[in-house]
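To keep things clear, I will list the structure first and then write my remarks on it.
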Amino acid sequence: MSVINFNTTNMTLRQLLGNGLTYHVPLFQRDYSWTQDEWEDLWQDIQNTMTGAEPAHYMGYLVLQTQDQKRFDIIDGQQRLTTLSLLALAVLKALDDLAQRNIQSEDNRRRAEQLRNSFIGYLDPVTLVPQTKLTLNRNNDAFYRDRLVPLLPLPQRGLRSSEHLLRRGFDWFYRRVSEEYAVHKDGAVLARFLSDTADKLFFTVITVNDELNAFKVFETLNARGVRLSPTDLLKNYLFSIVYRDGSHETEIEALERRWNRMIDQLGSESFPGFLRAHWNSREKLVRESELFKVIRAATPNKGRVFELLRYMEEDVPVYAALANPEDRLWTETQREYVRELRMFSVRQPWPLLLAAYRSLDEEGFTSVLRAVSIVSFRYNVISNMLTHEQERVYNDIARRITSGEITHSSEVIRALAPIYVDDETFRNGFAVKVLRTTSSRNRQVARYILSMIETQISHTHHDADNAAYSLEHVLPENPTDGWEHIDDEQIEEWVYRLGNLTLLEATLNRAVGNKPFSEKRPVYAQSQFQITRDIAEQNEAWTVERLAERQRWMARIATGIWRLPQMDARRTLG
């Protein structure tokens, strides 16, 4: 078992920037992106500490990478550190204004120089070239270093969008500082504001010694609900390989455009999931915790990086469409199966589906998509089986498709046999299935199941999402008079069983409410749904025994609906 090698400590902004330490945004980290919403939130948090509403303000995790404890790469936290630098520069500008107006000129110049050395860096006295504590990425650093840090006039045109944000952020903080503090025409007030801010903002600083440990930190923190950016870390690693191998600037720019196009399609939060599905559709199954390590080993040079990028670009549209049943990529038939997989909340088949889409024709892919939906319903929705074996099977089939060993949809479907729940197990699981319909997902799944059974027995199709009818609990969730024959313990056990659920027109549903079965029964007899009319026709009373019998009947019907005949043929031949 590998050990995550990192150090953790709490540090104020003053401690962070002291002792000659420098901080570098990796070359290919994303550009500055904060806007007025974030600036206002930060300003209000700072003001709360100034007024005493809170003694200090916690700025969250800061993930750094270093080899020598002097130069640190900012793996996560660059937006916050950059914005705080803009705030410090705004204070320096306000002090400079006072000095220019001959207000305590010498004192304010000394204050500005001291604050600059503490929080920004220093200007070389001969060349006037800034030696900054913070270095931004390749798209932002020139503007930051050459314009913002020396407090030179800022251009309004010819800037990148992120440079415009840096300029606007600086101007925004300068106005706020001027309105709140420079109005006193006292440089000491301005200096005290920045000094107090540096003491009252603190971070949890996590320091690692390489990218692999940084990725493991991301994994650990994200598992605990802290949203970090493994996507940025991976991007910087891959691009640094290309940069190291001496690529031309136009090659880097083209690579960045292609990368950003993928992120735009997926969203940065979805990218790690995509990367794992993409990798597992081609290579040996990799767990999330090992993904970065494996990709790092597989991309030692720029040729392999470009190859990885080309393969990813091929899969991005399909992966994005698997999360969106309405995507134009799908045919009407495919759309229904994608919608089912989304309803079932299963992603284990996605590597297989990526491989199948790449290699099979439209008809073959549609057959595989349908088979995967049926397997998922049997395995995940009804039987609640562990997903580890499922992932292994899907990965094995995906690799065989990618290698050319499997070339036809019928071979794919037969290969699903290890995770195709047999009829007896499925029937038994269905017969006792509970769907707690307090969950919106479970309500959707219940309506889907009942609609499919209704279609099977009445040969009439109904849209499972149609608002004209609703989900009815025969034994009500909150029963009143007339249900005394079922005790509280039985209600808890049986009310969310599939056998207790049916479809009913919304108008009729409002009429029955929590009434006893004797009053519900004639209303059920009026329903357009055969599955509901049968309850009225076949039951004089509603008991747990009748409920259980109905669910066993539903299980027999369901076994015929969600079935892959290829599996029955295979077992007969076997």
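Considering region 316-338, and only residues there that are free of Cβ contacts under 8 Å to residues at least 40 places away in the same chain and assigned to a loop (DSSP other than H, G, I, E, B), the residue that is surrounded by the fewest Cβ atoms within 10 Å (Cβ to Cβ) turns out to be 328.
For residue 158, are the conditions met, namely being more than 25 Å from residue 118 (Cβ to Cβ) and small (Gly, Ala, Ser)?
yes
In region 473-492 there is at least one residue matching the filter, namely being in contact with a strand residue (DSSP E or B) (Cβ under 7 Å, 6 or more places away or on another chain) and either under 23 Å from residue 552 (Cβ atoms) or not basic (Lys, Arg) (or both). Selection of region 250-268 for residues being surrounded by 14 or more Cβ atoms within 10 Å (Cβ to Cβ) and not in a helix (DSSP H, G or I) yields only 268. Scanning region 144-171 for residues that are without any contact (Cβ under 8 Å) to a residue 24 or more places away in the chain and not in a helix (DSSP H, G or I) gives 152, 153, 154, 155, 156, 157, 158, 159.
Against the list (1) assigned by TED's automatic domain parsing to the domain that holds residue 31; (2) surrounded by fewer than 20 Cβ atoms within 10 Å (Cβ to Cβ); (3) hydroxyl-bearing (Ser, Thr, Tyr); (4) assigned to a helix (DSSP H, G or I), the condition residue 174 fails is (2). Consider region 409-438 and keep the residues that are part of a loop (DSSP other than H, G, I, E, B) and under 29 Å from the mean Cα position of the chain (by Cα). The one that is farthest from residue 550 (Cα to Cα) is 416. Among the residues making up region 191-233, those that are modelled with pLDDT under 75, surrounded by 16 or more Cβ atoms within 10 Å (Cβ to Cβ) and either over 21 Å from residue 269 (Cβ atoms) or of a type in the set (S, T, N, Q) (or both) are 222, 229.
Being within 27 Å of the chain's Cα centre (by Cα) and of a type outside the set (S, T, N, Q) holds for only one residue in 448, 469, and it is 448. Residues considered: 486, 491, 453. Of these, the only one that is in a helix (DSSP H, G or I), over 36 Å from the mean Cα position of the chain (by Cα) and within 26 Å of residue 519 (Cβ to Cβ) is 491. Being charged (D, E, K, R) and over 30 Å from residue 498 (Cβ atoms) is a condition met by at least one residue of region 363-375.
The values are calculated or read from the model by the stated rules, or taken from the named source; none is laboratory data. Here the structure is a predicted model, which is why all the values come from computation and not from measurement. Every residue, glycine as well, gets a Cβ built from its backbone with ideal geometry; the counts of neighbours run over all protein chains shown.
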